[in-house]
Amino acid sequence: MSETALSETALPETALSEITLQVTGASDRLDRYLAEQLPDWSRSRLQKLVEQGQVTLNGEICTSKKTSVQTGDSIHLTIPAVQPLDLLPEAIPLDILYEDDELIILNKPAGLVVHPAPGHESGTLVHALLAHCPNLKGIGGVQRPGIVHRLDKDTSGAIAIAKTDHAHQHLQAQLKAKTAGREYLAIVHGSPSTNSGTIDLPIGRHPVDRKKMAIVPIEKAADERLRIGKYWSG
């Protein structure tokens, strides 16, 4: 157990914060112990704090996440203020389906780019979210929205965005465990040979046309399930 264990959502958003932990259990790796004591923080975020010299063990700076902590050890974390994202907020209208302090779900229109990229330095969903959510707590120490999954520019539909590291971590875990999922509707030309099936092939960026997706052997299999909903003639 810890002497003081604060969740990320309890910490100030813009000021430097500190946490002190007193080890009373069995020995463990530093990063594992921190992740166990601070479950609202992602393990990668905690590891980064260790690497940045923001963690002391018994009064000495510790930069190795593999360091073993023992009963009686005192751990002190310094949490820097979140850094602003180097983007200007833009007041772009948003179709909000759901919102609370942890996450927001939007109906993204076709034509709206999610992330800034070459050729799309402004007018993206991220720019709009920065304007709509000016007091983001930060993802990974940066004051930015946490895009949990992507939608292509010309794809419309619901998209979930985390406002905190805690929500970002858990939404990603749900998608990975398939306890949360996504469904897409598409209009295709031609008549498929079956009314349902599974796409179990590795999909990635086309090796030549980077704006397209293709079957790429080195990528992870997609494992997408499809079902024909309606046929049109003509």
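The values are calculated or read from the model by the stated rules, or taken from the named source; none is laboratory data. This is a predicted model, so every value here is computed, not measured. With ideal geometry, Cβ positions are generated from the backbone for all residues, glycine too; neighbour counts draw on all protein chains shown.
Side notes on the structure shown:
- Apart from one condition, Val142 fits all of (1) modelled with pLDDT of 80 or more; (2) out of contact with any helix residue (DSSP H, G or I) (no Cβ under 7 Å at 6 or more places or on another chain); the exception is (1).
- Only listed residue being crowded, with 20+ Cβ neighbours inside 10 Å and within 20 Å of Ala162 (Cβ to Cβ), chosen from Leu34, Leu87, Leu94, Leu38: Leu38
- Leu130 vs. criteria loosely packed, with under 14 Cβ neighbours inside 10 Å and assigned by TED's automatic domain parsing to the domain that holds His168: no
- The single residue among Leu185, Leu201 that is more than 15 Å from the chain's Cα centre (by Cα) and without any contact (Cβ under 8 Å) to a residue 40 or more places away in the chain turns out to be Leu201.
- The lone exception for Leu77 - which of (1) aliphatic (A, V, I, L, M); (2) closer than 26 Å to Tyr184 by Cα; (3) in the same structural domain as Thr24 (by TED's automatic domain parsing) it fails: (2)
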